[in-house]
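J.: One structure follows; several queries about it will come next.
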Amino acid sequence: MKGKIFYIMGKSATGKDHIFRVLTQDRRLSLTPLVIYTTRPMRGGEKNGREYYFTDEKRLGELRDAGRVIEERVYQTVQGPWYYFTADDGQIDLDHRRYIGIGTLESFVKIRDYFGADVVLPVYIETEDGIRLERALRREKKQAHPDYAEVCRRFLADTEDFSPEKIREAGIRRVFSNNGELRDCIAKVRRLIRDVR
C-alpha cells in the first residue's frame with residue numbers, strides 16, 4: 001500500500017490545529033505528522049518539532065541552496081516577514097507510512113504537485129467568518145503580548161488566499177464544515193481517512 005498525505009487546510013481559526021492534533025493522536029489511524037518549518041516566533045503552548053520546526057532565514061537559505069525546499073511562503077506581518085516552508089528533509093517515507101499535514105491552499109497545491117494527486121489528499125475545513133473572528137480574538141487574548149493587528153491582517157488575507165476560485169482551481173471538491181460541534185467535523189474527516197486505502 002502506497003502511503004498518503006492527508007493535508008488539512010482552511011482559513012485561520014477554523015479549528016485546523018485542533019483537528020490535526022486529535023487525528024494525529026488517534027492511534028487507529030496510524031498517521032505521522034508532516035511537520036513544516038516557520039521563521040515566525042513560537043506561540044505559547046507550542047513546541048519545536050510538534051507544530052512546526054522553528055528556524056531562521058539562514059537555515060531556509062541553506063535548504064534552498066541544497067534544492068530541498070518543496071514549497072515556501074512569506075507573509076509580511078507587522079512584526080516583519082514570516083516564512084513557512086516544507087522541505088524534503090528525509091522525514092517522508094511513503095513506502096511505510098501515512099501522513100497528516102496542515103497548511104495553506106498554496107502549499108497544498110505545491111506539495112500535491114511534488115508527490116502526486118494520488119498521494120496528497122485535501123481536507124478543507126470551512127467555518128463561517130463571524131465564528132472564525134470570535135475564535136481568533138479569543139485565542140489572541142491568551143497570548144502574553146496579544147497582536148490584534150496581525151489577527152486582522154490574517155483574517156483579511158484569508159479572504160483572498162481562500163477565494164472560491166482558488167479553491168476550485170486547486171481541485172478541492174469536498175468541504176468539511178466546522179460551524180457546529182467540532183467532534184462532528186472530526187468524525188467526518190476521520191471517516192475519510194479510514195476509507196482511503
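J.: For the range 56-76, how many residues meet the condition of being surrounded by 18 or more Cβ atoms within 10 Å (Cβ to Cβ) and without any contact (Cβ under 8 Å) to a residue 40 or more places away in the chain?
T.: Matching residues across the range 56-76 total 4.
J.: Would you be able to say whether some residue in the range 153-166 is of a type in the set (Lys, Arg) and modelled with pLDDT of 95 or more?
T.: Taking every residue of the range 153-166 in turn, at least one turns out to be of a type in the set (Lys, Arg) and modelled with pLDDT of 95 or more.
J.: Ok, one more. Could you give me the residue pairs with C-beta distances under 6 Å whose first residue belongs to the range 174-197 and is assigned by TED's automatic domain parsing to the domain that holds ARG135, whose second residue is among the hydroxyl-bearing types (Ser, Thr, Tyr) wherever it lies, and which are 6+ apart or on separate chains?
T.: Hits for this filter: VAL175/TYR124; ASN178/THR14; ASN178/THR127; ASN179/THR127.
J.: Is it true that some residue in the range 23-39 is touching a strand residue (DSSP E or B) at 6+ places or on another chain (Cβ under 9 Å), charged (D, E, K, R) and in contact (Cβ under 8 Å) with a residue 12 or more places away in the chain?
T.: Taking every residue of the range 23-39 in turn, none turns out to be touching a strand residue (DSSP E or B) at 6+ places or on another chain (Cβ under 9 Å), charged (D, E, K, R) and in contact (Cβ under 8 Å) with a residue 12 or more places away in the chain.
J.: Right, next: Against the condition assigned to a loop (DSSP other than H, G, I, E, B) and either on the phi > 0 side of the Ramachandran plot or touching a Cys at 6+ places or on another chain (Cβ under 9 Å) (or both), how does GLY44 come out, does it pass?
T.: no
J.: Any chance the range 148-165 includes a residue that's more than 15 Å from the chain's Cα centre (by Cα), farther than 21 Å from VAL74 by Cβ and acidic (Asp, Glu)?
T.: Yes; the residues of the range 148-165 include at least one that is more than 15 Å from the chain's Cα centre (by Cα), farther than 21 Å from VAL74 by Cβ and acidic (Asp, Glu).
The values are calculated or read from the model by the stated rules, or taken from the named source; none is laboratory data. Worth saying up front: this structure is predicted, and the values here are computed from it rather than measured. Quick reminder, even Gly has a Cβ in these numbers, built from the backbone with ideal geometry, and neighbours come from all protein chains shown.
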